[in-house]
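Q: Dropping a structure here in structure tokens format, bear with me for questions.
The values are calculated or read from the model by the stated rules, or taken from the named source; none is laboratory data. Note that the structure is a prediction, hence the values are computed from the model and not measured. Here the Cβ is made from the backbone with ideal geometry for all residues, glycine too, and neighbour counts use every protein chain on show. These area figures cover heavy atoms from the full protein model, side chains too; ligands, DNA and RNA do not enter into them. Shrake-Rupley method; radii C 1.70, N 1.55, O 1.52, S 1.80 Å.
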Amino acid sequence: MMMMEVALSFSLLVLLLPVSCMAFSAAITRGALATRKPLSNPARFWIQPPTSRRPFVSQRTSTLLRLDKGDATTSSNTEFEREFTQKQKATSSQLKSDSTTSATSATTESEHLDHQSRVFDELSTFFASEEAIPPDVVPILHKMTDSMIDQVIHLRQQGHALNQASRPARANQNATYTENFFHILDVGCGSGALFDFYMQAADKKDITLHIQGLDLAPKMIENAKVYAEALLDDNDDDNQQHSISVQLGDISHWVPTNNNKDEPQKFDLVVANACFGNFWDQQQALKQMSDCLRVDGLLCITHPLGSDFVQQLRQEDAMMVPNLLPTSVPELQQLARTLPIRILNVVDKDDNNKDPLSYYMATATKVVYRTVPQTMRFRGQVDRGYGRGGKKLGFPTANLPSGLFQGALQDVPCGVYFGWAVLEGDNNVDATTTGRNVPHKAVVNVGFSPTFEGQENPEKIVEAHLMLSSDDKALDPPDFYDEVMRLQLIGFIRPEMKFPSFPDLIAQISTDVEDAKDALDLELYKEFQKDGFVSDPSSSSSSWVGSGGGDETASWEFQDVEDVVEQINK
């Protein structure tokens, strides 16, 4: 009985696995017709790791399911959580005392990763113990992985439909990979507890998966390899050909390899299950996870016991769990402010037990745009430019005078941006009929226009295309050369590039316009219209001079985006 209690107390630890910066991998696949099917009685299926036997699903799954169902074997959630946190704290403290690391916290990321790896390696034998999963507790992780698979399929279908309808430059994007094949990156995979749940969810939707497991603890990775081999070899009479590879690595520094291409592997679904609080730098981890995603892919941060449990773990041992889970969309948005992901939802576990199968899940999808770290403000008279935007390309642009903004643009990367533009008018102008003194959506190129070979811009310029929606009344007068324009740049879409032909350039501009429209329709970017530079130009048009340089004729300034958001939300 004592051994069972010890194993039970430690079994949840693998849920907290982050990942480390070591690197080796073992791909595990089966023959062309080999498949697996869900086990009819998973509690009685065992595999043989190097030193001891373990159930087909890791001990963390068994215990978590019992916890969420309130099973009598754990007495109560509160009692188990208290015992677990004390056991984790004791194990962590013992390892600290055996090293030169501070007893309360790591001072460097390297110390943090080393301690995490040693703790979970020390406990890996507990996860190989014979602890069966009762049949009535499996639905929690089924519900979670079913939701992931449903969402990732929906996002791919939705993205493909939008590309075909209005994004010509990406219309054939999905043709480069099989429609019913999906890549999953399981960050902090531990001994592979979610592997079978992913595959059972995929089988329900008749899709095929390749699962890439990533973890920092070498012994846990060895267990995951053994488990994956047994899982994939269990049955060979289905039609689905799933595959699994496992790799030792730290997501904050890991770059996925792609044997067939020069570019890194991209994933349709990236999952960080019960490990996000363990990351040393959550923003860096989010950046790396978003870099691993395909456009329209899904990022999931999950924890079966919810954010309160992570908070409890952090209070007991901040070295093991240095951070908390974001519990709202704004909180996660702040972490991901400058990343190319759009936050979809944050749902926490129901602590009132109204839903015994509830869990923590934060979701986001990969997009082509991101918020720039510094909001850029430019003000100057509209120049006549080179006459190419409207005449040659069908996208009329308003250019700011290049010679007056070279100091401002020197450190601005060339590329396509988006934001809000305002044409200044005096206080007597009727804005509703002329389009003056009101914000318009704008997609903006900053650069040299390299596609116009032999006619490239001699210096970096700012070209803004104002996107007038169908309910906008005509500009009166329709031309606004020599009028003063304010331009606020808040997002970035892509670097400037040279295209092989004008049709290719036009297709990309059309796609950029649609991407900018989609972004500026989000509340995240709509709120930037509250910026005084955009919202009330007529009251200060004669006196605004940016802090970055220039004068009343032409000036600019840059401000950290977090400061801008704080100001407009006061």
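Q: For the range 180-307, with every protein chain kept in place, what is the accessible area per residue (1.4 Å probe, Å²)?
A: Value for the range 180-307: 30 Å² per residue.
Q: OK, next. If amide hydrogens are placed 1.01 Å from N in the peptide plane, which non-local residues have theirs closer than 5 Å to the one on F405?
A: Counting only residues 5 or more places away or on other chains, the set is empty.
Q: Sorted by accessible area with a 1.4 angstrom probe, largest first, how do I506, I493 fall?
A: I506, I493
Q: While we're looking at this one, here's another question. Explain nothing, just compute: Karplus ³J(HN,Hα) = 6.51 cos²θ - 1.76 cosθ + 1.60, θ = phi - 60°, for every residue of the range 329-335 in order, whole Hz, x for Gly and Pro.
A: Karplus-based 3J(HN,Hα) across the range 329-335 equals 4, x, 5, 5, 4, 5, 5 Hz.
Q: Turning to a different aspect of this structure: Considering only protein heavy atoms and a probe of 1.4 Å, how much of the accessible area of the range 281-373 is carbon and sulfur, as a whole percent?
A: Here it works out to 43 percent.
Q: Take peptides 508-516, 160-168 and line them up by average Cβ neighbours within 10 Å, highest first, as a rough protection proxy.
A: 508-516, 160-168
Q: Separate question: Could you sort 310-316, 242-248, 296-302 so that the peptide with the highest average Cβ count within 10 Å comes first and the rest follow in order?
A: Sorting 310-316, 242-248, 296-302 by mean packing, highest first, produces 296-302, 242-248, 310-316.
Q: Something else about it: Residue by residue through the range 398-411, which ³J(HN,Hα) values in whole Hz follow from phi under the Karplus form 6.51 cos²θ - 1.76 cosθ + 1.60 (θ = phi - 60°), with glycine and proline marked x?
A: 10, 9, 7, x, 4, x, 8, 10, 5, x, 6, 8, 4, 9
Q: Follow-up question, since we're still on this one. What translational D, rounded to a whole number of µm²/s, comes out for the range 486-545 from Stokes-Einstein when the hydrodynamic radius is the Kirkwood one over Cα pairs, at 10 °C and 1.306 mPa s?
A: Estimated diffusion coefficient is 113 µm²/s.
Q: Same structure, new question: Taking Cα pairs under 8 Å and at least six residues apart, what relative contact order does the range 332-375 come out at, in percent?
A: 47
Q: For Q567 and F499, calculate 0.36 nm times their separation in residues minus their Cα-Cα distance, and state this gained length in nm to one decimal.
A: Roughly 20.5 nm would be gained on extension.
Q: A further question on this structure: From zero up to wherever the largest Cα-Cα distance of the range 282-411 sits, split into 10 Å bins and tell me the percent of pairs in each.
A: Taking every Cα pair in the range 282-411, the percentages come to 11, 26, 24, 18, 10, 9, 2.
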